[in-house]
1. What are the ³J(HN,Hα) values, in whole Hz, obtained from phi via the Karplus relation 6.51 cos²θ - 1.76 cosθ + 1.60 with θ = phi - 60°, for each residue of region 77-82 in sequence order, with x given for Gly and Pro?
2. Once a ≥ b ≥ c are taken as the square roots of the eigenvalues of the Cα gyration tensor of region 98-153, is the result rounded (a/c under 1.5), prolate (a/b larger than b/c) or oblate (a/b not larger than b/c)?
3. From the residues Val91, Cys145, Leu108, which one has its Cα farthest along the dipole of region 84-185 in the positive direction, the dipole being from +1 and -1 charges on Cβ of Lys/Arg and Asp/Glu about the Cα centre?
4. Under the rule a/c < 1.5 gives rounded, and otherwise a/b versus b/c splits prolate from oblate, where does region 127-214 land using the Cα gyration tensor?
5. Whole-Hz Karplus ³J(HN,Hα) for region 135-149, in order, using 6.51 cos²θ - 1.76 cosθ + 1.60 and θ = phi - 60°, x for Gly and Pro?
6. Using the heavy atoms of the protein chains alone and a 1.4 angstrom probe, what is the accessible area of region 1-116 per residue in square angstrom?
7. Run through region 62-148 and list the chymotrypsin sites (Phe, Trp or Tyr not before Pro) located in a DSSP loop whose Cβ has at most 15 other Cβ atoms within 10 Å.
8. Helix-only mean residue ellipticity at 222 nm, the chain, DSSP H runs n ≥ 4 weighted -39,500 (n - 2.57), per residue, nearest 500. What is it?
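The values are calculated or read from the model by the stated rules, or taken from the named source; none is laboratory data. Since the model is a prediction, treat every value here as computed from it, not as a measurement. Using ideal geometry, Cβ is built from the backbone for each residue, glycine included, and neighbour counts are taken over all protein chains shown. Note: areas computed on protein heavy atoms with side chains; ligands, DNA, RNA excluded. Shrake-Rupley method; radii C 1.70, N 1.55, O 1.52, S 1.80 Å.
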Amino acid sequence: MNVVLLGAPGVGKGTVAKRLSERYGIPHISTGDLLRSAIDRATPVGLKAKSFVDSGRLVPDEIVTELVETNLRSPSASKGFLLDGYPRTVVQADALASFSSVDRVLNLVAPKKVILERLSGRRTCRKCGVVYHVKNIPPRKAGVCDSCGSGLYQRSDESPEVVMERLSVYENETSPLVDFYRNEGLLVDVDATLDVAGVVRQCVAAVEEGVSDE
Ligand code: AMP
């Protein structure tokens, strides 16, 4: 089952992808996580990507596409994958189609006000990358990851200015993918204003029952 998660930054793609990954035993491949890890390790990809990620701009298509292709070819993705944060441009969607099929695209939708509230309260585990929200998904102990006990932090690209840039990049470069995948009959809209369980329920229905109205 090859699933793409679409939606604005902060809408909750990573949280949903993690739940679906546990449910179906297929990997959650987040290009944002892969790039942040490359930046932390100062790999050649990380060094090239850093200034783009820090400023909220898109990393060049060919760099991200190579990362994704390598991950999709790994044996862990042989039964399927949940792609979170890729594709983000039509060029990337065309590239993905050249090396993999896509069975379903889940389009997580929420008003800008909800997205801004989610982004400003988001906290991420420094070690294992699990994502919390100070109000909506609080850790048991403030500032500490439930899973591994490490400290939580606010991502450097979650400052108000960078968030506005990321949202405008989404509008201009990524939102055309909604029509791209709708035209292919693969896209299902998901109401992402509900709580995590409600959003996951809709995603499971979409993945298991197929696209309604087809
Ligand atoms: P995310 O964690 O998905 O919000 O991604 C964080 C940042 O990583 C983005 O603001 C971009 O700078 C970069 N990034 C992640 N995925 C992509 C992609 N598919 N294409 C280009 N840049 C990306």
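1. Values per residue, Gly and Pro as x: 9, 5, 8, x, 7, 10 Hz.
2. Since a/c reaches 1.5 but b/c is at least a/b, the shape of region 98-153 is classed as oblate.
3. Sorting the options by dipole projection puts first Cys145.
4. oblate
5. Per-residue couplings from phi come out as 9, 7, 9, x, x, 4, 10, 3, x, 10, 5, 4, 6, 10, x Hz.
6. 45
7. none
8. -14000 deg cm²/dmol
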